[in-house]
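Heads up: the structure comes next, in structure tokens.
Nothing in this text is a laboratory measurement; each read-out follows from the coordinates by a stated rule. Just so it is clear, the model here is predicted, and its values are computed rather than measured. FYI the Cβ positions are ideal-geometry reconstructions off the backbone, even for glycines, and counts take in every protein chain you see.
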Ligand SMILES: [Zn+2]
């Protein structure tokens, strides 16, 4: 089973949803993360409609900005029960709030009680000039993981550019995972990320993602399984292919406590 735990839609227009649908054809299931561009309420509602039409394959994560949305239990229940979202995505660097902001901490407490996972889309391979890079540092999530040890969360994009901090976080906290979303054309970066994770003995804490539309799962899988071959004539360290394959085939939905629906 292959689950792509990191996909986005360029927009919810039919051309873009068709493109997404085609891209996820090669995987068994995927998480669709709501975008932080545009009005969040509308984004979450429209994403819910799209995911709802592909419930056997897709899981939606609603976008929340805890400093703006002041979400209470009822608001959270509306996102899950009414719209069917099964997790939240937050964009601390892009939205410009500290991951342990007091209002964010209140949100995490509710989310922990509700048993939902959170995807922290803080670090990125392509942050805009306005994003607060400081808030993308994964070590800032240590306070969150210590305060809410039952909260399951994913550090998106391996916390790029702060990969070492991400490895430290996943080795320290049992409910923290990192999303091995790579850029398949950046082979040296991919190699360094995977070797570093292997040497830290945290390959079992990684989940697979493509970051679609930045890349698609097929080319990411090819790059991950193929880079060892580039090193065949060198003495550089390699990573067992089986270990990489385990990341690609990990059931990240189960790991995050998400039940897959077979309805619709
Ligand atoms: Zn992304």
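Regarding region 1-43, what is the average projected area of its C-alpha convex hull, in nm²?
Over all viewing directions, region 1-43 projects a mean Cα-hull area of 3.1 nm².
How many nm is it between the label spots at residue 233 and residue 254, if each spot is 7 Å from the Cα in line with the beta carbon?
Rounded to a tenth, the inter-label distance reads 4.2 nm.
Which of 231, 140, 79 ends up with the largest GNM mean-square fluctuation for the chain, with Cα atoms connected below 10 Å?
Greatest mean-square fluctuation among the candidates belongs to 231.
By how many degrees, 0 to 90 and rounded to 10, does the Cα axis of helix 187-199 deviate from the longest principal axis of the chain?
Tilt of helix 187-199: around 90 degrees.
Using only the alpha-carbon atoms, how far is helix 163-172 inclined from the longest principal axis of the chain? Give it as 0 to 90 degrees, nearest 10.
70 degrees
Sorting 203, 105 on the 10 Å Cβ count, fewest up front, what's the list? Before the final figure, lay out the partial values.
On the way: 203 20, 105 16.
Least to most surrounded, the residues fall as 105, 203.
What are the semi-axes of the equivalent ellipsoid for region 50-194, taken as the square roots of 5 times the Cα gyration tensor eigenvalues, largest first, in whole Å?
24, 18, 15
Can you pull the percent of Cα pairs in region 45-101 with separation above 18 Å? If you can, show how the numbers build up before the last one.
Numbers: 597 of 1596 pairs.
That tail contains 37 percent of the Cα-Cα pairs.
Given 0.36 nm per residue, what is the gain on full extension from residue 218 to residue 25 after removing their alpha carbon distance, in nm?
Stretched fully, the residue 218-residue 25 segment lengthens by 68.5 nm.
Give me the Debye-computed log₁₀ of I(q)/I(0) at q = 0.19, 0.22 Å⁻¹ for region 85-137, equal point scatterers on Cα only, no solvent, two decimals.
-0.64, -0.80
Please work out whether region 121-264 counts as rounded, prolate or oblate from its C-alpha gyration tensor, where a ≥ b ≥ c are the square roots of the eigenvalues and a/c under 1.5 means rounded, while otherwise a/b larger than b/c means prolate and anything else oblate?
rounded
Between residue 225 and residue 201, what is the label-to-label distance in nm when each label sits 7 Å out along the Cα-to-Cβ direction?
2.8 nm
Using only Cα atoms, tell me the angle between helix 40-52 and the longest principal axis of the chain; keep it within 0 to 90° and round to the nearest 10.
70 degrees
Compute the whole-percent fraction of alpha carbon pairs in region 201-264 spaced more than 13 Å apart.
I get 70 percent for the Cα pairs in region 201-264 exceeding 13 Å.
With the cut-off at 16 Å, report for region 116-191 the share of all Cα pairs above it, as a whole percent.
Here the long-distance tail beyond 16 Å is 46 percent of all Cα pairs in region 116-191.
How big is the equivalent ellipsoid of the chain along its three axes, where each semi-axis is √(5λ) from the Cα gyration tensor, reported in whole Å from largest to smallest?
The equivalent ellipsoid of the chain has semi-axes of 28, 22, 17 Å.
Hey, in the GNM for the chain with a 10 angstrom Cα cutoff, which one of 87, 159, 75 fluctuates hardest?
75
Gaussian network model of the chain, Cα springs within a sub-10 Å range: biggest mean-square fluctuation belongs to which of 120, 162, 177?
Evaluated over the chain, the most mobile residue of the options is 162.
Nearest-5 percent of antiparallel DSSP beta bridges in the chain?
Values: 0 of 24 bridges.
Just about 0 percent of them are antiparallel.
What distance in nm separates the two pseudo spin-label positions at residue 53 and residue 73, each 7 Å out from Cα along the beta-carbon direction?
3.6 nm
With just the Cα atoms defining each centre, how far is region 158-221 from region 78-129? Give it in Å.
19 Å
Given Cα pairs under 8 Å that are at least 6 residues apart, what percent is the relative contact order of the chain?
21 percent
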